[in-house]
Amino acid sequence: MNLDLRIPMGAMFTLVGVILTVFGLATNGNLRLYAPSLGINANLWWGLVLMAFGLTMLALGRRGQKRLEKLPPEPVENGNVRRGH
Amino acid sequence: MLNLTYVDWTIMLLYFVFVLGIGFALKRHMKTSKDFFQAGRALPAWICGLAFISANLGAQEVIGMGASGAKYGLETAHFYGIGAIPAMIFVGVFMMPFYYGSKARSVPEFLRMRFDEKTRALNACSFAVMTVFSSGISMYAMARLMQAIHVFDGLFHALGWAPEGIFTFSIALSAVIVLAYIFLGGLTSAIYNEVLQFFLIIAGFLPLVLLGLRNIGGYEGLKASLPAAYMHMWKGAAHANTNPMGIEIVGLGMGLGFVLSFGYWCTDFLVIQTAMASKNMESARKVPLIAAVPKMFFPFLVILPGLIAIGLPTPRTTTQIRTVNGAIVHEIQVVPPQVAEGRGLVPAKINPVTGKAMLTASGQPLLDYDLATPNMLLHFFPTGILGLGLTALLASFMSGMAGNVTAFNTVFTYDLYQSYIHKGGSDRHYMAVGRWATVGGILLSIATAYAAINFNNIMDTLQLVFSFVNAPLFATFLLGMFWKRATGHAAFSGLIAGTTAAILHHGLTLPLDAHPGIHGGWIAVLHRYPSDMAQNFWTAIFAFSANFILTIVVSYCTAPKPESELVGLVHSLTPKPSRAHIVWWQRPEALAVAVLLVAVVLNIVFY
C-alpha cells in the first residue's frame, strides 16, 4: 500500500494539537472554565502533547515514504509485483 | 446541560474529514477483490497489530470495561490478564501459521479446507448474522449514549430541530461515515481508520485517567476510597464469596481464561481478518503479539475510569448560607435524584413512572454502570478537550462497527455468495458484490438498532444467542489444527452439540438474584450460580466440553481426510518454515515470551 498511514494520522493529531493549544492559550487563566479539570489548563498541556505526537508521526511517515520511493516495489508472497503510482 | 462550543465541534468535524479522506485516498488502490477484502495482504505488522485490538475496542470495551470496573473492581482486569493476553499469544504463535499459510480468505473458508462444506456453511451463516446484529447493537448503544449525555442537544436546539430526532441523527451519522469509508477503501480503509481510532481513544482517555487519579489522590487515594476487594485481581479469587464477581478460580480460569477468550481471539474473523491482511507469514504471526503489548496496559485506560467514578464522593444537594450586604442568601445546588441516589459519579437508574430510584432485590439502588466512563468525561473535561473525549467515544463505537461490517462483507461475498449463489463470476463482479454487501450489512444493522428500541430485551437476547454459538467454536479449531484425525462430520456435529449444551445449561441454571426467564432457568432450575458472570463462564465450559468430546467420538467413527489434503492445515503435517534468516530476538516466539513475562509481572503487582 503506497499511502503511509502515519502521514494523515500525523497531520490530524498535529491539527487537533494546534487547535487545543491555541484555545488553551486564549483561555489561560479562566478559572471557571478549568474548574472541572482541577485548575489545570488541560487544553494547553494536552494540545502540546498531541502536537508533539502528531509531528513525530509526520516526520516518521515522511522518512518512510522517502525510503519507499528509493526501493524497488516489494514482491508480495504470491509473487505478484505491486507497482507504485 | 452539556455546553459544547465551536472548538469541540471543530475537533469532531476534523476527525470526520480525515476518516473520509483516508477512504477517498485509498479508493484508487482498490483494483481487485483481494485489495478490497484482504487489504491486498500487504500491510505492515504494526498497523495490523493496532487494528487487531482496535477492532475489539468498540462500545463493549470502552463503556463496558468502565462499567465492569465500577461494578466488580480491578478483578475486571482478568479479561485482559488471563483472558485476552494468553489467547493473543496462542493465536499468534500456534494458530496463525495455519490461517495465513492456508491462503484461506476468511475463517469459514479455513473450515471448508480443513473440514468440509457443511461446517463452513454453518459457521459462515451464523457468523454473518452475528456480525450484522453486533454492529446494530453497537449503533443502538451509541445513539442511546448520545441521547443520555446530551451531546447533540445544543446543536439541535441551535438548528431548531426537534430533540426526538437525536437518536436517528446519531445512527445516520455513524452509518453514513462507516459506510462511506468501507465502500471506498474496503478492509484497508477499515484497518487504517481503526489505527487512527486507536490513537484517538488513547488521546481522549489518557488525560481523563490522569485527571481522575490526581483528583482522588493518586493510586493510594483510589485504594483508600474503595472497598479492599475492589483493588485486587487475584486476592479472594479462590472462592466465589470472597470476590466481587462471585466466581471461583476454576470457573474463572477455564471459562474466561480458556474457553471464552480463546474462542473470541483465536476464531473470530472480526479480529483475525486484520492479521490475515499483513504482508507475510512472520508479520501475520507478529500481529496478535504486537497487539498484546498495548492491550496489557489497556486496563489502566478503560477500567480505571470506572473505578475512579465509583470512588469519587457522590454529589449531594448542598445549601450554602451567606450574608451579602446584610441580606441572608441561600445558595442551593440541587442534585437530581439519579445522581444523589448513585454512588460516586455512577448514577442510579430511575423508574420513569414513579421518578424514584429502582432497587435491586437486596434493596440497594440499581446503578447505571454504563454511564461511569461517559460521566467521567463530562465531569473532568472543560470545553476543548471535551470535544476530543467525545470524538474518542464516537470513534470507539465506529471502529467496532467497521470491523463487523468488513468481516460481514468478506464472509458474505466469499463464503455465501461465491460459494452458494453465484460461482465463477469475474473478480470485478465479486468486488461490486462486496461493496453492495457493505450497504446491505449497514442497512440491516440500522434495522437491528431500531428493533432494539421497540423490544427491550433484544440486546440481552442477542448477546445470549451469540454466546451459545460462540462458546463451542474454539474446540473445533483446536482439534482441527492439532489433531489430524478430526473429521468434517465430527466438527459439524460437535458444533451443534456444543451450542445445544450451552442452551440446555442456560435453561437449567440461574444466577442467585434473578428470576427465571432471560437470565436462565427457563426449563427448570437445577443449580444456582452466585452471579451471572459465573453462569456465563460455566455455560462456555459446558459448550466447549460437549463439542470437544463429541468431535473426538464422531471422528473415530468416520473416515478421516487423506493426509495429503491436510498439509498446511494441521500442525503435525505442516513442515516447519526455515527461520534461520531471522535473528532470534526478531522471531515471533521471542516477542511472545517477552509479552507473557510482562503479563505475569502485571498480574503479580496487582494481585
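Read-outs throughout are calculated quantities, based only on the coordinates presented, and are distinct from any laboratory measurement. In this text the structure is predicted, and so the values were computed from the model without any measurement. Cβ: placed from backbone, ideal geometry, glycine included. Neighbour counts: every protein chain shown.
Between B:TRP584 and B:GLU563, take the C-beta separation as r, use R0 = 41 Å, and let me know the FRET efficiency to the nearest 0.05.
Once the sixth-power term is evaluated, E becomes 0.80.
Starting from the Cα-Cα distance between B:VAL329 and B:ALA594, subtract it from 0.36 nm times their residue separation and give me the gain in nm to one decimal.
Roughly 89.0 nm would be gained on extension.
So if we plug the beta-carbon distance of B:ARG485 and A:VAL49 into 1/(1 + (r/R0)^6) with R0 = 56 Å, what FRET efficiency do we get, rounded to 0.05?
Plugging the Cβ-Cβ distance into 1/(1 + (r/R0)^6) gives 0.50.
For the pairs A:LYS70/B:LYS27; B:LYS118/B:LYS576; B:LYS118/B:LYS423; A:LYS70/B:LYS34; B:LYS484/B:LYS576, note any where the Cα-Cα span goes beyond 19 Å.
Correct reply: A:LYS70/B:LYS27; B:LYS118/B:LYS576; A:LYS70/B:LYS34.
Net charge near B:LEU367, counting Lys/Arg +1 and Asp/Glu -1 over other residues with Cβ under 10 Å of its Cβ?
With Lys, Arg at +1 and Asp, Glu at -1, the net is 0.
For a quick size check, give me the Cα extents of chain B along its three principal axes, largest first, whole Å.
Sorted largest first, the three principal extents are 97, 56, 51 Å.
Which lysines does B:LYS223 reach when only Cα atoms under 29 Å apart count, and residues fewer than 8 places away in its own chain are ignored?
Cα-Cα hits under 29 Å: B:LYS71, B:LYS235, B:LYS295, B:LYS349.
What fraction, in whole percent, of alpha-carbon pairs in region B:255-326 exceed 21 Å separation?
56 percent
Identify the chymotrypsin sites (Phe, Trp or Tyr not before Pro) of region B:361-428 meeting these criteria: DSSP loop state and at most 13 other C-beta atoms within 10 Å of the C-beta.
none
Under 1.5 on a/c is rounded, so check that first for region B:104-206, then, if it is not, pick prolate when a/b is larger than b/c and oblate when it is not; a ≥ b ≥ c are the square roots of the alpha carbon gyration tensor eigenvalues.
Here region B:104-206 falls in the prolate category.
With a cap of 11 neighbouring Cβ atoms within 10 Å, and only residues DSSP puts in a loop, list the trypsin sites (Lys or Arg not before Pro) found in region B:284-353.
Those satisfying the criteria are B:ARG316.
Please identify every one of the GluC sites (Glu not before Pro) in region B:92-178 that sits in a loop by DSSP and has no more than 15 other beta carbons within 10 Å of its own beta carbon.
Passing sites in region B:92-178 do not exist.
Determine one quarter of the surface area of the Cα convex hull of region B:413-469, which equals its mean projected area, and express it in nm² to one decimal.
Averaged projected area of region B:413-469's Cα convex hull equals 4.9 nm².
Compute the acute angle (0 to 90°) between the alpha-carbon long axis of helix B:6-27 and the principal axis of greatest extent of the alpha-carbon atoms of chain B; round to the nearest 10°.
Its long axis makes an angle of about 10 degrees.
Which three semi-axes in whole Å describe the equivalent ellipsoid of the protein assembly as shown, each the square root of 5 times a Cα gyration tensor eigenvalue, listed largest first?
Equivalent ellipsoid of the protein assembly as shown: 41, 32, 24 Å, largest first.
What does the net charge come to around B:GLY81 if you take all other residues with beta carbon closer than 13 Å to its beta carbon, with K and R at +1 and D and E at -1?
It works out to a net charge of 0.
Report, in degrees rounded to the nearest 10, the 0 to 90 angle that the Cα long axis of helix B:458-470 makes with the longest principal axis of chain B.
30 degrees
For peptide A:27-39, compute the average count of partner chain beta-carbon atoms within 10 Å of each residue's beta-carbon.
Across A:27-39, the average partner-chain Cβ count within 10 Å equals 3.
I want the local charge near B:ILE63. Using Cβ-Cβ distances under 14 Å, sum +1 for each Lys or Arg and -1 for each Asp or Glu among the other residues.
-1
In whole percent, what relative contact order does chain B give with Cα contacts below 8 Å and a gap of six or more residues?
26 percent
Please give the charge dipole size of the protein assembly as shown, origin at the Cα centre, charges +1 on K and R Cβ atoms and -1 on D and E Cβ atoms. Round to the nearest 20 debye.
Computed charge dipole of the protein assembly as shown: roughly 1660 debye.
Quick one: of the DSSP bridges fully inside the protein assembly as shown, what percent are antiparallel, nearest 5?
75 percent
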